[in-house]
Structures are given as C-alpha cells and as structure tokens.
Amino acid sequence: MIVASSGWPDLELLEAAPILVWRSGLDGLCNWFNASWLAYTGRTMAQELGNGWTEGLHAEDFDRCLEAYLDAFGRHEPFQMEYRIMRACGQYGWIVDYGIPIIDRDGNFLGYVGYCFDITARHEAEEKRDHLCHDLEQSNADLEQFAYAASHDLREPLRKVAGFAALLGKSCASKLNDEEREFLHFVLDGAKRMDEMICDLLAFSRVERCGAPLEPMALGEALDYALFNLSQTIEEKKAAIEIGFDRTLAVKGDPHQIARLFQNLIGNAIKYCAKDVTPRIHLDALLVPEGSVTLTVTDNGIGIPPDSAEHVFQLFRRLHTHDEYEGTGVGLSICRRIVERHGGTIWVTPAEGGGSVFHVTLPR
Ligand code: ADP
C-alpha cells in the first residue's frame, strides 16, 4: 500500500536515484524531474516543467491519466497508474507511476512526488500472452464449429446410405447369396459405426458449446443418473458397484456433464473387463485441502499399459479393435473435455492387482 509521505523527501538523493522521479506543487503542475526521468524522455527540465511532460504522453492514455491524477490530487490521496511515454529513442515505453501526497508536520498538503519504473518488458510479455490466448480461443472455437457442422451434416447422407441399404436387403432378400448378404451386412454395420462416431463427435463438440453454468451440485445425484442409464449393462454383466463417499458431497459443476463423466468411466470399467471376470468397480472421493475433490474410479478390468495412459484421452484413440470391444474412442476425450471445462484434471494409473484407477479432480 502506498501512503502519504510526511515532508518533502531529500531531492539530492532522488536526483541520483536509478528510478524516474517527478514532483508537483500545490497548483498540481510539475516543478521538478530527476536525472533519470530526463534521460528516459531525452528532454530538458525546461521542456518538461508545468504540463510540458504531457507532450510525451501517449494520446490513448492522456484522458485516463489526467482524470486519475486530478481525482487523487483533489482528495490528497496516493495513486498508481500505468501509461506510455515517449522515450529518448523515439519509441513509447510503459511506466508505472506511484504518486505520493506530501503532507507537512502540521498536516498541510504540499504537493506530490511520483516514483516511476519502466515496465515495458512486462507489458510486451502480457500483450504477447493475450494475443496467444486470443488465437488459441479462436482456433478452439473454429475447431468446435467445424466438428459440430461436419458431424451434423454428415449424418444426413449417412442415414440415406443405411436406409437404402436396408431397403435393398429387404427387397432382394430372396435373390442374395450368402456372400452378397455378408457384403450388405458390412455396409449396414459400417454405417451404424460411423453414425455412432459422428454422434460422439457431436457430443464432444457440445461440451463447450452447450454446457450449462457451473453450480454447486451433489455428486450423488449425478451418479444416480449415470447408474440409471447403465442399469441394463450393470444387470447383464452382474457388475458390483461400491460407493465409498458421502453422496451429498458437493462440487461446482454442470449436473448433466458430471453424470456423463460417471457414465463414461463406469461404462468403460464394465466394458473393459475380461470375459470370465465379474466387474467390480469402487468409487471414492477425497477432499483436497486446496478446495477441490479428487474422485477415483477403480476397476478390476484388463488394465491400461502405463505408456498408453495419455493416449486413451485422445480423440478416436483406442487400444483395442472393434471386434474385441465395441466403441468409438471418443468417450474418454469427452471426459477430459468435461473435466477441463470444470477447471479440473483427469488421469489414469494402474490399479493394484490389475485393472485401472481413473482420477478426476473437480473444484468445489
Ligand atoms: P471407447 O471405449 O469408445 O473405445 P474411450 O475413449 O472411452 O473410447 O476409451 C479409449 C480407449 O481406452 C478404449 O478403446 C480402451 O482401449 C481404453 N480404456 C478405456 N477405459 C478403460 C478401462 N477402464 N480399462 C481398460 N482400458 C480402457
């Protein structure tokens, strides 16, 4: 915090200081600049005195600075402002200016002393960062728009392929030999799989576009919704699901997306299990002191090799063929996108005794 200084500081000391210093009097006009200031602007004391120094002020910063100065001056309060000023080299430099009101021992206001530092390098770095962030946001938005449009428009012709192939199969059923029937099956199966991939791609692109606002929500409710959607699979595979956390535990989230996260992780835990093994899935949650929750979904499935632990979260990346385990390779990409939208992280590690543990951190 900057506070008022009692009495004028020693000008001789400030004259030699490596920072830029100015002084103004009761009329608000500048009546002194130190050597560093004059060297920085490349101007003489006579040129800078009064309002002369404002000739070097960037036009875009002029009104804002004048307003801040006059406002602080009127109330005899300290101020801090950043502005561009013309340097001796002919280019603008950014400086931060700390204005300190000077009050004498009797409490009388005498004027101001300002201490300034060059922050051009910081501003340039910030500008570069903002540019990069903007470009990144733009390319993300473009990609989402592309994925949405492509997946939306691709479904229409695909529906025609599947529909007419099915009609052909029906009208020619008696004339087709076994090989031709198998070809037709490939066409229909291919169309079905492509439709599944497009639907998942659509869901992936909707995570950002169509997400609801993040609000406090109980994890138990989202979990119930996911388990309801998976009830048929759970029953068929006789999967055992243990829940080791308080169902009222709250996070800041989009309930539909958190339900989808549970559904994808539990669905995978059931699917990627050896044929002769009953799936056992344990869900747990740990409160992390920094104000987040770490969820874990542990299974007794076929496991994920550590060197593929990152790949499985990439779009369309699968470790198995469609004949071994059905799927599109989009489920975990959706999980990661959901978790990142919530400001969290997701990763997988091997479980003790085989299987996998998916870890998810979510802010509370
Ligand atoms: P999909 O299940 O549709 O293939 P995912 O993105 O959900 O797509 O998963 C990507 C890949 O990660 C899967 O193909 C599978 O090889 C592997 N995988 C996902 N979850 C598990 C799990 N619980 N145990 C073993 N392998 C898994």
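The values are calculated or read from the model by the stated rules, or taken from the named source; none is laboratory data. Note that the structure is predicted; figures quoted are calculated from it, not measured. Neighbour counts run over all protein chains shown; Cβ positions are idealised from the backbone, glycine included. The accessibility values were calculated without ligands, DNA or RNA, using every heavy atom of the protein model including side chains. Shrake-Rupley method; radii C 1.70, N 1.55, O 1.52, S 1.80 Å.
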Rounded to the nearest whole Å², what accessible area per residue is found for the chain with the 1.4 Å probe?
-> 57 Å²
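Calculate for the chain the 222 nm mean residue ellipticity that helices alone would give, adding -39,500 (n - 2.57) per DSSP H run of length 4 or more and normalising by residue count, nearest 500 deg cm²/dmol.
Taken over the chain, the calculation gives -15000 deg cm²/dmol.
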So, with points 7 Å from each Cα along the Cβ direction, the Lys128-Thr278 label distance in nm works out to 6.1 nm
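Counting only DSSP beta bridges with both residues in the chain, tell me the antiparallel percent, nearest 5. Kindly include the intermediate steps, with their values, before the conclusion.
Working: 52 of 58 bridges.
Percentage antiparallel, nearest 5: 90.
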Name the residues whose placed amide hydrogens come within less than 5 Å of the amide hydrogen of Gln80, ignoring near sequence neighbours (fewer than 5 apart) on the same chain.
-> Gly99
For the pair Gln145 and Glu340, how long in nm is the line joining their label points, each one 7 Å along Cα→Cβ?
-> 1.9 nm
Trypsin sites (Lys or Arg not before Pro) restricted to the stretch 57-111 and DSSP loop, no more than 14 other C-beta within 10 Å = Arg105
What share of Cα pairs, in percent, lie more than 36 angstrom apart in the chain?
-> 52 percent
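If you add up the charges near Pro363, with Lys and Arg at +1 and Asp and Glu at -1, over every other residue whose beta carbon is less than 10 angstrom from its beta carbon, what do you get?
Values: positive: Lys252, Arg364; negative: Glu290.
So the surrounding residues net to +1.
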So which trypsin sites (Lys or Arg not before Pro) in the stretch 217-295 pass both tests, a DSSP loop state and at most 10 other Cβ atoms within 10 Å of the Cβ?
-> Lys238, Lys275
Taking protein heavy atoms only, a 1.4 Å probe, and rounding to whole percent, the accessible area of the stretch 2-118 owed to carbon and sulfur comes out at 55 percent
So which lysines can Lys170 reach, going by Cα to Cα under 18 Å and dropping same-chain residues fewer than 8 places off?
-> Lys160, Lys192
Aspartates and glutamates with Cα under 17 Å of Lys275, excluding same-chain neighbours fewer than 8 positions away | Glu235, Glu236, Asp299, Asp323, Glu324, Glu326
